[in-house]
Amino acid sequence: MLIDFTIDGAQQDFDITHCTVAGWTGRDASAIQHHIDELAAIGVKPPSSVPLYYRTASAMLTRDATIEVVGNGTSGEVEPLIVAKDGVLYLGLASDHTDRALEAHSVALSKQICAKPIARTLWRYDEVADHIEKLELKSWIREGAGDDWLLYQEGTIASIRPLADLIDGAGLVAAGANGKAAAMLCGTFGAKGGVRPACAFKMAMVDPVLNRTIEHVYDIVELPEIA
C-alpha cells in the first residue's frame, strides 16, 4: 500500500506492507477495565490477555475525507500511529474505526472490516522521544448533520503503555525492513459519554513542547445493511 506522508514539509512515499492494530494498551489497570466495561456494555467479550496485536490489511489505511461503513454500529477511536521503515521510526495519527456490532462476535474481524483513517503528517520519532508522554490526543464527533462538535476522547500518551514496548511487542522494526514499511495503531482510551456512532470524526495530536499539531477530519457514510 503506497502512501505519501509529509515529513518536515517534504513528501515521502512509504510502501506499507504490514499493519497492526494494538488493542487493550492502557497503562492503568482501572483505565483498561473501564474500556473493557464500556465495550462489554455493547456486547464485546473481554480480551484473553493484554495487550493484543491484531493484524489487518495495510490497504485499510486511508487518508480519504470520507469512509463508508455498513449500518449504524461503527465508531472511531483516536490513536497514535507508528510507522517503521528501514530502522527509522515515525509518529503520526490514526483512527481505529471499528464495527462495534461485529466486535461483539470477533474483535479481529471488526478491526479488518472498517477503513483506518490516518493523517498526512508524520513526525520523526526521535524528535519527540524525550517528551512523548506529554503529547495530547483528542477526538470530537458530530452525532448528526449540522450538529456542533462534541469532545469525545481526551488524554495523553502517558495513559497508553510505553510506545517502545508496543513497538517491540509487535516486532514492528523487523516488519518494516528492506525498503518496505510497517504501521501500527497503538491503542486509545475511553469515550466521554460511552462508545457510539457519529456522522463525522475529528482528531488531533498536540505536541506542547515543540508547539505543533497533527489533525485529521473524516465523514462517515452509512450504507444500508441489507438482510
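The values are calculated or read from the model by the stated rules, or taken from the named source; none is laboratory data. Because the structure is a prediction, the values reported are computed rather than measured. All Cβ positions, even for glycine, are placed from backbone atoms using ideal geometry, and neighbour counts span all protein chains on display. Keep in mind that these areas ignore ligands, DNA and RNA; they rest on the heavy atoms of the full protein, side chains included. Shrake-Rupley method; radii C 1.70, N 1.55, O 1.52, S 1.80 Å.
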Set Arg161, Arg63, Arg124: member being closer than 22 Å to Cys199 by Cβ and in contact (Cβ under 8 Å) with a residue 60 or more places away in the chain: Arg63
Every pair of residues 6+ apart whose Cβ atoms lie under 6 Å, when the first sits in region 169-198 and is touching a residue at least 40 places away in the same chain (Cβ under 8 Å) and open to solvent by less than 10 Å² (accessible area, probe 1.4 Å) while the second is hydroxyl-bearing (Ser, Thr, Tyr) and part of a loop (DSSP other than H, G, I, E, B): Gly187/Thr25
Meets criteria (open to solvent by less than 60 Å² (accessible area, probe 1.4 Å) and over 21 Å from His18 (Cβ atoms)) for Pro47: yes
Count of residues meeting criterion [crowded, with 20+ Cβ neighbours inside 10 Å and not in a loop (DSSP other than H, G, I, E, B)] in region 108-122: 6
Flag if Ala84 is modelled with pLDDT of 95 or more, surrounded by 13 or more Cβ atoms within 10 Å (Cβ to Cβ) and in contact with a helix residue (DSSP H, G or I) (Cβ under 7 Å, 6 or more places away or on another chain): yes
Long-range neighbours under 6 Å by Cβ, at least six apart or interchain, first residue β-branched (Val, Ile, Thr) within region 30-52, second open to solvent by 60 Å² or more (accessible area, probe 1.4 Å): Ile36/Pro46
Cross-chain or 6+ apart pairs with Cβ under 7 Å, region 74-91 first and assigned to a strand (DSSP E or B), then surrounded by fewer than 24 Cβ atoms within 10 Å (Cβ to Cβ) and among the acidic types (Asp, Glu): Thr74/Asp99
